[in-house]
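The values are calculated or read from the model by the stated rules, or taken from the named source; none is laboratory data. Since we're looking at a predicted model, the values are computed, not measured. Neighbour counts run over all protein chains shown; Cβ positions are idealised from the backbone, glycine included.
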Amino acid sequence: MNPHDFKIPADRLPELLCAMPKAELHMHIEGSLEPELIFALAQRNGVVIPYASVEELRQAYAFTNLQSFLDIYYAGASVLLHEQDFYDMAWAYLERAAADNVLRTEMFFDPQTHTARGVDVKVVIDGLHRACVDAEAKLGVSAALILCFLRHLSEEEAFETLEQALPYRDKFIGVGLDSSEVGHPPEKFAKVFARCRELGLHLVAHAGEEGPPAYVWSALDVLQVERIDHGVQSAKDPALMARLAKERIPLTVCPLSNLKLCVFPDLKEHNLGTLLDAGLAATVNSDDPAYFGGYMNENFLQTFAATGLTAQHAWQLAANSFEGSFIDDAAKARYIERLNETFARFAAA
Ligand code: ADE
Ligand code: ZN
């Protein structure tokens, strides 16, 4: 455990949350499209969008549940056509991540949202990957891509997507499962995840965002994922909580997303502290930052202000993010060392 945590004055906690190095393990790159960029790309590509202005689009961001968000999110992605569009979107996010002291990010992308519109998967992957390469060189941010299958579509379509993407296998590190959760349990994708496991891809899945603890169990037991995305509904199942804690399965929690999609009525009610105090490897992430009101530091600041989490929790969350990332052990150790240096600086100051 970090030796400096208790010596940090409470009034310096917000500054520390922003300054501390961190990894982001759950963000959808299409969810980083700000309304301004949606309008700029619509104009550049001659795509008509059903909103008159940036303000009108932003006003539509009043969600009642996951599906009400997904409908607008897929509409927003319709402006992405060319390799440069994917690059520009990813670069804008990576600059914001760097400003929030995100040293490592593992970004989801949804190829089926684009291939359904006739955009080649090569265009998608090349644009995103070029931004990842530039982020390392120009921003000092290590960035990698995780291909997500849309769970409201069939397993057969997931297999087709995998086939289309395999020529670019060296440009993504893993696969995930996203989109409408309830009614589309993880086991629907058992075969395609088994194939991805054989291919040596990392495996993650959204589970327990709106869906029941049973979906978290099957993501672990059937899909054999290494991380659970969201997973906040696990708190309803004590046996599941015990397993997640014992196996230190990372949970990529997204507090502002949960607030905006009405998973919790108020940030004060969020169970992040409960998960951490039960020994789970929870992390903080932004999910779809352009739609949910904040990037990484905003998630940390608002959640800590609402729930009263401490510097000890802050250290644990940042350490969990590096531990749960798909980097090698030497890189993890270097990042945790930088985390400890930041805490030491705040304790001494
Ligand atoms: N796709 C983008 N954001 C998502 C979320 N929060 N849950 C499921 N699918 C998503
Ligand atoms: Zn998500």
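Give, as residue ranges, the helices (runs of 4 or more DSSP H) completely inside region 1-102 that count at least 3 residues that are of a type in the set (D, E). Break it down into steps so the answer makes sense when it comes.
On the way: elements: 13-19, 35-45, 54-59, 66-76, 83-99.
The qualifying helices (runs of 4 or more DSSP H) are 83-99.
Just one of A333, A314, A347, A319 is assigned to a helix (DSSP H, G or I) and surrounded by fewer than 17 Cβ atoms within 10 Å (Cβ to Cβ); which is it?
Of the residues listed, the single one that is assigned to a helix (DSSP H, G or I) and surrounded by fewer than 17 Cβ atoms within 10 Å (Cβ to Cβ) is A333.
I'm trying to understand the selection: among the residues of region 47-86, which are among the polar types (S, T, N, Q) and more than 16 Å from ligand 2 (Cβ to nearest atom)?
S53, Q59, T64, S78, Q84
Would you confirm whether or not region 236-255 contains a residue that is surrounded by 24 or more Cβ atoms within 10 Å (Cβ to Cβ), part of a helix (DSSP H, G or I) and within 16 Å of ligand 2 (Cβ to nearest atom)?
Yes, region 236-255 contains at least one residue that is surrounded by 24 or more Cβ atoms within 10 Å (Cβ to Cβ), part of a helix (DSSP H, G or I) and within 16 Å of ligand 2 (Cβ to nearest atom).
Matching residues to (1) within 23 Å of the chain's Cα centre (by Cα); (2) within 14 Å of ligand 1 (Cβ to nearest atom):
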position	(1), (2)
I8	no, no
R12	no, no
L17	yes, no
H26	yes, yes
R44	no, no
A62	yes, no
S68	yes, yes
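Restrict the check to region 328-348 and report whether at least one residue is at pLDDT below 95, over 24 Å from A98 (Cα atoms) and not acidic (D, E).
Looking for residues that are at pLDDT below 95, over 24 Å from A98 (Cα atoms) and not acidic (D, E), one finds at least one in region 328-348, hence yes.
Pairs only if they're at least six apart or on different chains, beta carbon under 6 angstrom, first in region 65-93 and among the aliphatic types (A, V, I, L, M), second at pLDDT 95 or above and within 16 Å of ligand 2 (Cβ to nearest atom); list them, first residue then second.
L66/E210; L66/L261; A77/E30; A77/T113; M89/L33; A90/I29
When both residues are 6+ apart or on different chains and their Cβ atoms are under 7 Å apart, which pairs have a first residue that lies in region 100-113 and is more than 13 Å from ligand 2 (Cβ to nearest atom), and a second that is of a type in the set (D, E) and assigned to a strand (DSSP E or B)?
Sorted first by the residue in region 100-113, then by its partner, the pairs are V102/E24; T105/E24.
Based on what the data block shows, is L223 modelled with pLDDT of 95 or more, part of a strand (DSSP E or B) and not hydroxyl-bearing (S, T, Y)?
Numbers: modelled with pLDDT of 95 or more: yes; part of a strand (DSSP E or B): no; not hydroxyl-bearing (S, T, Y): yes.
Taking the combined requirement at face value, the residue does not satisfy it.
Among (1) part of a helix (DSSP H, G or I); (2) under 20 Å from the mean Cα position of the chain (by Cα); (3) buried (at least 20 other Cβ atoms within 10 Å of the Cβ), which single condition is T105 missing?
For T105, the failing item is (1).
Run down G46, G118 and say which single residue is modelled with pLDDT of 95 or more, over 28 Å from S154 (Cα atoms) and surrounded by fewer than 16 Cβ atoms within 10 Å (Cβ to Cβ).
G46
Restricting attention to region 256-269, which residues are within 16 Å of F304 (Cβ to Cβ) and part of a helix (DSSP H, G or I)?
Result: L256, N258, L259, L267, K268, E269.
Among the residues of region 273-297, write down those that are in a helix (DSSP H, G or I) and within 16 Å of ligand 1 (Cβ to nearest atom).
If the condition is that a residue be in a helix (DSSP H, G or I) and within 16 Å of ligand 1 (Cβ to nearest atom), then P289, A290, Y291, F292, M296 are the ones that fit.
What number of residues within region 209-232 are small (G, A, S) and within 13 Å of ligand 2 (Cβ to nearest atom)? Talk me through it step by step, then tell me what you get.
Looking only at region 209-232, we keep the residues that are small (G, A, S), and these are 211, 214, 218-219, 231.
Remaining after also requiring within 13 Å of ligand 2 (Cβ to nearest atom): 211, 231.
Selection size over region 209-232: 2.
Here's the yes/no breakdown for (1) closer than 20 Å to F69 by Cβ; (2) away from ligand 2 (no atom under 14 Å from the Cβ); (3) out of contact with any strand residue (DSSP E or B) (no Cβ under 8 Å at 6 or more places or on another chain); (4) touching a residue at least 60 places away in the same chain (Cβ under 8 Å):
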{"site": "S257", "(1), (2), (3), (4)": "yes, no, no, no"}
{"site": "E269", "(1), (2), (3), (4)": "yes, yes, yes, no"}
{"site": "L276", "(1), (2), (3), (4)": "no, yes, no, no"}
{"site": "S286", "(1), (2), (3), (4)": "yes, no, no, yes"}
{"site": "A290", "(1), (2), (3), (4)": "yes, no, yes, yes"}
{"site": "G293", "(1), (2), (3), (4)": "yes, yes, yes, no"}
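Scan region 177-217 residue by residue and report those that are part of a helix (DSSP H, G or I) and within 16 Å of ligand 1 (Cβ to nearest atom). I'd like the intermediate steps shown before the answer.
The first filter runs over region 177-217 and keeps only residues part of a helix (DSSP H, G or I), leaving 186-198, 213-217.
Those that are part of a helix (DSSP H, G or I) and within 16 Å of ligand 1 (Cβ to nearest atom): P186, K188, F189, Y215, V216.
Please verify whether A90 is among the small types (G, A, S) and surrounded by fewer than 18 Cβ atoms within 10 Å (Cβ to Cβ), treating the condition exactly as stated. Talk me through it step by step, then tell me what you get.
Details: among the small types (G, A, S): yes; surrounded by fewer than 18 Cβ atoms within 10 Å (Cβ to Cβ): no.
Against the criterion (among the small types (G, A, S) and surrounded by fewer than 18 Cβ atoms within 10 Å (Cβ to Cβ)), A90 does not qualify.
Could you go through region 299-308 and let me know if any residue there is surrounded by fewer than 17 Cβ atoms within 10 Å (Cβ to Cβ), more than 16 Å from ligand 1 (Cβ to nearest atom) and within 19 Å of A205 (Cβ to Cβ).
no
Between I49, I72, which is within 16 Å of ligand 1 (Cβ to nearest atom) and of a type in the set (V, I, T)?
Being within 16 Å of ligand 1 (Cβ to nearest atom) and of a type in the set (V, I, T) holds for just one of I49, I72, which is I72.
Has region 21-41 got at least one residue that is farther than 30 Å from E341 by Cβ and small (G, A, S)?
Yes, some residue in region 21-41 is farther than 30 Å from E341 by Cβ and small (G, A, S).
It is to be established whether one or more residues within region 304-311 are under 18 Å from the mean Cα position of the chain (by Cα) and not in a loop (DSSP other than H, G, I, E, B).
no
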